[in-house]
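The values are calculated or read from the model by the stated rules, or taken from the named source; none is laboratory data. Please read all numbers here as calculations on a predicted model, not as lab measurements. Neighbour counts are summed over all protein chains in view; Cβ atoms, including those assigned to glycine, are modelled from backbone coordinates with ideal geometry.
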Amino acid sequence: MMLKGKKVLVLGMGISGMGATRLLKDKGAKVTINELEDSKEMRARADEFERNGIKVILGSHPLEVLAGHQLIVLSPGIPLDIPLLRQAEKLHIPIMGELELAYRFLPDRSLIAITGTNGKTTTTVLTEKILKKAYKDVRIAGNIGIPLSEVVRRPGKIIVTEVSSFQLETIKKFSPFISCILNISPDHLDRHPDLEQYIWLKSRILTNQESDGYTILNRDDPRVYPLKEKNQSRGYLFQSKREVGKRSFP
């Protein structure tokens with residue numbers, strides 16, 4: 001993905017937005033950050049970025065900020081239906097999430113992605129600790145204060161990340177080598193229109209996986225188990241009630 005000289009607008013200056021901005025800067029993009037919040041903390045962050053030649057706009061999402069930009073990188077907390085993004089779609093400005101941006105710069109076959117309603121962080125941390133017993137170069141990312149875009153700047157041989165439904169809304173080519181869906185129960189329905197949409201978003205972690213990858217699904221969860229029909233890679237099941245055997249599907 002060529003970014004040198006490209007004008008990129010980053011929406012949101014939280015942890016993900018800051019990580020995306022630093023990665024874009026590393027790749028030679030001309031970055032503007034637009035953050036809705038105008039607080040003491042955000043002004044301090046803005047000062048730091050502006051000292052490094054990055055323009056920052058605080059306090060609103062004005063439509064005129066779109067002028068001249070060739071790409072928008074979206075923080076996961078920002079919904080897709082805000083007026084600024086609707087206008088960007090009308091202007092045919094590409095929109096991608098921070099997760100998708102980071103993925104474009106990952107080494108092949110390096111990413112383990114874990115999603116689910118509950119237990120993502122615990123499982124991600126546990127997986128990293130287990131892998132570190134066998135491999136030296138293991139990195140962790142996700143909602144633990146380390147966005148994937150920061151890890152990509154100094155990638156490890158293996159990267160374990162947790163992935164949310166908000167992040168999966170904006171994927172295009174995102175394709176983990178190993179994906180895992182732990183469980184699905186009603187959540188974030190203030191953002192997603194219904195449970196069916198939420199399940200579909202969680203299932204998007206499987207969308208682009210290749211046949212030499214791996215998928216791990218929860219056999220006990222009635223919302224997760226049917227997703228095996230969407231699987232394109234080598235599939236395995238886990239469950240707590242009985243042993244499910246080694247190779248489970250397709």
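Can we say E100 is over 23 Å from N208 (Cβ atoms), part of a helix (DSSP H, G or I) and not aliphatic (A, V, I, L, M)? Write out each step before concluding.
Details: over 23 Å from N208 (Cβ atoms): no; part of a helix (DSSP H, G or I): yes; not aliphatic (A, V, I, L, M): yes.
It is false that E100 is over 23 Å from N208 (Cβ atoms), part of a helix (DSSP H, G or I) and not aliphatic (A, V, I, L, M).
Out of curiosity, is Y198 among the aromatic types (F, W, Y) and farther than 21 Å from S164 by Cβ?
Values: among the aromatic types (F, W, Y): yes; farther than 21 Å from S164 by Cβ: no.
Here the answer is no, as Y198 does not meet what is asked.
Can you name the number of the only condition in (1) at pLDDT below 95; (2) crowded, with 23+ Cβ neighbours inside 10 Å that T161 fails?
Failing condition for T161: (1).
List the pairs whose first member sits in region 85-103 and is over 17 Å from K6 (Cα atoms) and assigned by TED's automatic domain parsing to the domain that holds G17, whose second member is of a type outside the set (V, I, T) and part of a helix (DSSP H, G or I), and whose Cβ atoms are under 6 Å apart, counting only residues at least 6 apart or on separate chains?
Cβ pairs passing all conditions: Q87/L63.
Can you tell me which of (1) in contact with a Leu (Cβ under 9 Å, 6 or more places away or on another chain); (2) closer than 14 Å to E162 by Cα is the one T127 doesn't meet?
Every condition holds for T127 apart from (1).
For region 201-209, indicate whether the set of residues that are among the small types (G, A, S), in contact (Cβ under 8 Å) with a residue 40 or more places away in the chain and assigned by TED's automatic domain parsing to the domain that holds T117 is non-empty.
Residues of region 201-209 among the small types (G, A, S): 203.
Remaining after also requiring in contact (Cβ under 8 Å) with a residue 40 or more places away in the chain: none.
No, region 201-209 contains no residue that is among the small types (G, A, S), in contact (Cβ under 8 Å) with a residue 40 or more places away in the chain and assigned by TED's automatic domain parsing to the domain that holds T117.
Look through E41, E64, E48, E37 and report the one residue that is charged (D, E, K, R), farther than 25 Å from T161 by Cβ and in contact with a strand residue (DSSP E or B) (Cβ under 9 Å, 6 or more places away or on another chain). So that I can check it myself, show each step before the final result.
Values: E41 fails: in contact with a strand residue (DSSP E or B) (Cβ under 9 Å, 6 or more places away or on another chain); E64 fails: in contact with a strand residue (DSSP E or B) (Cβ under 9 Å, 6 or more places away or on another chain); E48 fails: in contact with a strand residue (DSSP E or B) (Cβ under 9 Å, 6 or more places away or on another chain).
None of the other options fit; the residue is E37.
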